[in-house]
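One structure is given below, encoded as structure tokens.
The values are calculated or read from the model by the stated rules, or taken from the named source; none is laboratory data. Only a predicted model underlies this, so the values are computations on that prediction, with no experimental measurement involved. Note that each Cβ is placed from the backbone with ideal geometry, even for glycine, and that neighbours are counted across all protein chains shown.
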């Protein structure tokens, strides 16, 4: 099946004189309906990579194909109908004076007739559970609520792909959970392809595949289980250690043998239970 | 925490509140124009009754309107005094050097006072009953004819609405920066004028820098959301003109006729 | 230097139509040399409480004692400035306060406002820059050309340069990546241990509370609903969930073991504490063979 996003040999420099390129020979493909997490330390190029997919940044060389169309300067606007993006700062992407105005912004840009806008705005707000806040001003919303409105703004345009560019970094734990569960729900309902750039291990754990960036290069790829078994290297990749890994380290320090492979919390609980009490 | 009601808008459901903002805007400017038709006590009485009736319809306490006069009270009294002490005509009540207090002088003084008050009351009525965003929508609509002259109506309107949206956010940010700098020993209220001006630097620079960053982020987000300028855009917010708006326009026309009849 | 709150009330814009009560009869003590965490849902009054710690605001009722200074509603605003040197507050996203042409000047700004000489302020700036993990090459650079994480460290250095006795931190790791968070919390721990600095940490991250704090104050809607050592405060997971507070990861994991049938005297709050408890279990299992 043809991938919905395909990157081939992407190079990118913010300034031509830059010593090290922001992106160096990056290639990968994403199938429709996948949830891809892109992780990496600060400055690894993950955000830059995200911005090439919807043409906010144009690569110096290489090709990007979205939905079968190869991205160039002229069809960038068509591509943007297929790819919605939620940014890191909840305030700095909120254009409208009220919640419903902001959701309508993207629709207005596409020249959607007003009657249809009314339907789509209401629909999108219901999907993110912000419909009772339709006339609320942004200054009176929490970070998590603002991000959900941003998601509604994307959903109203009915794209195939949604990119979350560190969309949960500036939120408190509650806000983060709101946003992640909203994305999960919407992905299931509409079979969206999700690309999330993140530092949050709980967010990354939802992915089908994780891509690891380091200094502009794609250095690793795998399922969450495969990537999370990297142990202490995870910190360099910009993630925190999952708790079972931290516990394993603490147990090892105390002379207890622990299984090498990655264990989820549930499996760790099971292993401990059988090892400690049922011998 | 946002305690200020920006633009002094007071929410409500009155006849005036629910009028189309375009009608209110046009009516306010028109009123300021026809007020110059009045030149005797009958015409001023007419205007005063009209204004007080409008205030009554807004269901807002007159206290708020009187508050609108306070900042300008000295200017008003000064102008009135000038009129009263320098106008010649009619019976002379008092004379002292260059100052003459005459019948005409007193009349003119009172009329000027009335004019000031009525203009302030009418404009206050506009801002008390119309949210800033509605005013911005009204301005955009009324400026539309200027598109013919290549005036960037849509861009100006978008700038205005984005600026309004960010006012509460910027106010919060100002408070946060002030607190942070006060915690570093800055005193915003103290000292002479030079010191007070210096104290503003650690507040203004961070605000400017953060605003530039915001603008850049916002532009990127707008581009990602398909914004390409005003062409081909539809509008979500629309204004509704109702029968009562036409009625109000007619009432102003009637007022104009009456003023013309009554003036001397 | 202790900080004490005695029956403190605070109301925003009292006697106006916008009046809003934020703090209700607060009584608390932040002891000299302690590491206190203040937790609570958004809207619980944390920021208001914070602003009382260095007299940015005065209580509308009650007394706040900061060291030997006493602050009551009638206290004159004129002499509150010296308190702000003793209690340094690092607000959330502190990089927003940077404004000077160079890093050195910005860090020196705070001390100079309190009468420190030009030379002393400059040497403090260099010293604090090192403390936050940046080398001297940053001194002459413009703060605005640094990365977000670096700007934050410069801002913190600017507060440390005032040489406060109490350091108040409002969500200091917000927006940082895991590595950055780890480095930052370890830096504060060093300040606490090596310099005896009293630390007050306002946070949502219960793991940080479990790992570092020796005293926890829980706020809800402007009132203190629980306070004590972390062990006590985090014992009842249901209560924590009911109050919509986070649960330290280790405690939540341990709860799963409890559901399987394992027993703990106290729910362990950190990975190390849990490992210690499990060690006992492993030894017993070993002996049983």
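Scanning the range A:232-271 for residues that are surrounded by fewer than 18 Cβ atoms within 10 Å (Cβ to Cβ), at the interface with chain C (Cβ under 9 Å from one of its Cβ atoms) and in contact (Cβ under 8 Å) with a residue 12 or more places away in the chain, we see that the one that is farthest from residue C:255 (Cα to Cα) is A:236. Check the range C:57-78 and report whether any residue there is under 17 Å from the mean Cα position of the chain (by Cα) and part of a strand (DSSP E or B). Yes - at least one qualifying residue is present in the range C:57-78.
Residues checked against (1) buried (at least 19 other Cβ atoms within 10 Å of the Cβ); (2) more than 12 Å from residue C:159 (Cβ to Cβ); (3) in contact with a strand residue (DSSP E or B) (Cβ under 8 Å, 6 or more places away or on another chain); (4) within 14 Å of chain B (Cβ to nearest Cβ):
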position: C:87; (1), (2), (3), (4): yes, no, yes, yes
position: C:90; (1), (2), (3), (4): yes, no, yes, yes
position: C:94; (1), (2), (3), (4): yes, no, no, yes
position: C:100; (1), (2), (3), (4): yes, yes, no, yes
position: C:127; (1), (2), (3), (4): no, yes, no, no
position: C:137; (1), (2), (3), (4): no, yes, no, no
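Against the definition (touching a strand residue (DSSP E or B) at 6+ places or on another chain (Cβ under 6 Å) and more than 12 Å from chain B (Cβ to nearest Cβ)), how does residue A:125 come out, yes or no? No, not satisfied. Only one of the listed residues (B:151, B:188) is assigned to a loop (DSSP other than H, G, I, E, B), within 29 Å of residue C:170 (Cα to Cα) and without any contact (Cβ under 8 Å) to a residue 24 or more places away in the chain. That residue is B:188. Number of residues in the range B:63-102 that are in a helix (DSSP H, G or I), touching a strand residue (DSSP E or B) at 6+ places or on another chain (Cβ under 8 Å) and surrounded by fewer than 16 Cβ atoms within 10 Å (Cβ to Cβ): the value is 1.
For (1) assigned to a strand (DSSP E or B); (2) touching a residue at least 24 places away in the same chain (Cβ under 8 Å), each residue gets a yes or a no:
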site: A:21; (1), (2): no, yes
site: A:24; (1), (2): yes, yes
site: A:38; (1), (2): yes, yes
site: A:50; (1), (2): no, yes
site: A:72; (1), (2): no, no
site: A:80; (1), (2): no, yes
site: A:103; (1), (2): no, yes
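Which residue is nearest to the chain's Cα centre (by Cα), if the candidates are limited to the range C:38-56 and must be free of Cβ contacts under 8 Å to residues at least 40 places away in the same chain and closer than 15 Å to residue B:181 by Cα? Give the derivation first.
Step one: of the range C:38-56, the residues free of Cβ contacts under 8 Å to residues at least 40 places away in the same chain are C:42, C:51, C:55-56.
Checking the rest, the ones that are also closer than 15 Å to residue B:181 by Cα come to C:51, C:55-56.
On the way: C:51: 13, C:55: 16, C:56: 17 Å.
Of everything passing the filter in the range C:38-56, C:51 is nearest to the chain's Cα centre (by Cα).
Against the list (1) modelled with pLDDT under 95; (2) in contact with a helix residue (DSSP H, G or I) (Cβ under 6 Å, 6 or more places away or on another chain); (3) surrounded by fewer than 18 Cβ atoms within 10 Å (Cβ to Cβ), the condition residue B:155 fails is (2).
Only one residue in B:185, B:229, B:191 is more than 14 Å from chain C (Cβ to nearest Cβ) and at positive phi. Which one?
Details: B:185 fails: more than 14 Å from chain C (Cβ to nearest Cβ); B:191 fails: more than 14 Å from chain C (Cβ to nearest Cβ).
Answer to the selection: B:229.
Only a single item in (1) free of Cβ contacts under 8 Å to residues at least 40 places away in the same chain; (2) more than 15 Å from residue A:87 (Cα to Cα); (3) in contact with a strand residue (DSSP E or B) (Cβ under 9 Å, 6 or more places away or on another chain) is not met by residue A:183, and it is number (2). Which number in (1) surrounded by 22 or more Cβ atoms within 10 Å (Cβ to Cβ); (2) within 7 Å of chain B (Cβ to nearest Cβ); (3) farther than 24 Å from residue A:4 by Cβ marks the one condition that residue A:113 misses? With (1) surrounded by 22 or more Cβ atoms within 10 Å (Cβ to Cβ); (2) within 7 Å of chain B (Cβ to nearest Cβ); (3) farther than 24 Å from residue A:4 by Cβ applied to residue A:113, the lone miss is (1).
Restricting the search to the range B:210-226, which residues are in a helix (DSSP H, G or I) and either surrounded by 16 or more Cβ atoms within 10 Å (Cβ to Cβ) or at the interface with chain A (Cβ under 7 Å from one of its Cβ atoms) (or both)? Lay out the reasoning, then the answer.
Start the filter on the range B:210-226 by keeping residues that are in a helix (DSSP H, G or I), which leaves B:210-224.
Listed by number, the residues that qualify are B:210, B:214, B:217, B:218, B:220, B:221, B:222, B:223, B:224.
What about residue C:29, is it assigned to a loop (DSSP other than H, G, I, E, B) and farther than 22 Å from residue B:180 by Cα? When the stated conditions are applied, residue C:29 does not pass them.
Please verify whether residue C:146 is without any contact (Cβ under 8 Å) to a residue 60 or more places away in the chain, within 14 Å of another protein chain (Cβ to nearest Cβ), closer than 18 Å to residue C:100 by Cβ and out of contact with any strand residue (DSSP E or B) (no Cβ under 6 Å at 6 or more places or on another chain), treating the condition exactly as stated.
Details: without any contact (Cβ under 8 Å) to a residue 60 or more places away in the chain: yes; within 14 Å of another protein chain (Cβ to nearest Cβ): yes; closer than 18 Å to residue C:100 by Cβ: yes; out of contact with any strand residue (DSSP E or B) (no Cβ under 6 Å at 6 or more places or on another chain): yes.
Here the answer is yes, as residue C:146 does meet what is asked.
Out of the helices (runs of 4 or more DSSP H) lying entirely within the range A:160-247, which hold 2 or more residues that are modelled with pLDDT of 90 or more? Step through it out loud before you land on a result.
Values: elements: A:173-190, A:201-204, A:224-228, A:233-236.
In the range A:160-247, the matching helices (runs of 4 or more DSSP H) lie at A:173-190, A:201-204, A:224-228.
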